[in-house]
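Asker: Before anything else, here's the structure in question.
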């Protein structure tokens, strides 16, 4: 495998959204690996499981916390204490061809898939997953 084809940490963990481990959090994700080789980030058995988990988090941001714009969602997903949040917001909004402050309906399959893909792209610097795989995982999250 050449350097340009090395997997990112998120890809190796089947966690392309880079969902962090939370100390004391008892969440047991569907498809979570039994081993805990990466203490900082969740690890999943398959990319489908990790992409589904990312979509679930995004849906919960909207359903439970009433976050409905790229700015609000990414502000929580990637806080300024460890990210250039404003740059992240701009990249995701540009990828989705929307304004950062325009309300999104994540119950809309296309919007959820687009946001999920944009986050994967930003977190990994690329998206190696076909649209069909992201679509299937976001559908599972909505079910």
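Any read-out appearing in this document is the output of simple, stated calculations on the displayed coordinates, not a laboratory observation. Predicted, not measured: the structure shown is a model, and the values here were computed from it. Cβ coordinates were reconstructed from backbone atoms using ideal geometry, including for glycine residues, and neighbour counts include every protein chain displayed.
Asker: For the stretch 3-142, rounded, prolate or oblate, judged on the Cα gyration tensor with a ≥ b ≥ c (square roots of eigenvalues), a/c < 1.5 rounded, else prolate if a/b > b/c?
Answerer: Because its axes are fairly even, with a/c under 1.5, the stretch 3-142 counts as rounded.
Asker: Kindly provide the helix-only [θ] at 222 nm of the chain, computed as the sum of -39,500 (n - 2.57) over DSSP H runs of four or more divided by all residues, to the nearest 500 deg cm²/dmol?
Answerer: Rounded to the nearest 500, it is -15500 deg cm²/dmol.
Asker: Oh, and also: R0 = 22 Å: FRET efficiency of residue 90 with residue 68, Cβ-based, nearest 0.05? Could the numbers behind the result be given before it?
Answerer: Details: r = 18 Å, r/R0 = 0.82.
The computed FRET efficiency comes out at 0.75.
Asker: With the contact rule set at Cα under 8 Å and sequence spacing of 6 or more, what percent relative contact order holds for the stretch 3-142? All intermediate terms of the calculation are to be shown ahead of the outcome.
Answerer: Numbers: 173 pairs, mean separation 36.8, N = 140.
Computed value for the stretch 3-142: 26 percent relative contact order.
Asker: Taking Cα centroids, how far is the stretch 1-52 from the stretch 60-100 in Å?
Answerer: 21 Å
Asker: Say each of residue 128 and residue 102 gets a label point 7 Å from the Cα, pointing the same way as Cα to Cβ; how far apart are those two points in nm?
Answerer: The two pseudo-label positions are separated by 3.2 nm.
Asker: With axes computed from alpha carbons, what is the tilt in degrees of helix 131-142 against the longest principal axis of the chain, rounded to the nearest 10 within 0 to 90?
Answerer: 80 degrees
Asker: If packing is taken as the mean number of other Cβ atoms within 10 Å per residue, what is the order of 114-127, 5-18, 86-99, 29-42, highest first?
Answerer: Going by the mean number of other Cβ atoms within 10 Å, highest first, we get 114-127, 5-18, 86-99, 29-42.
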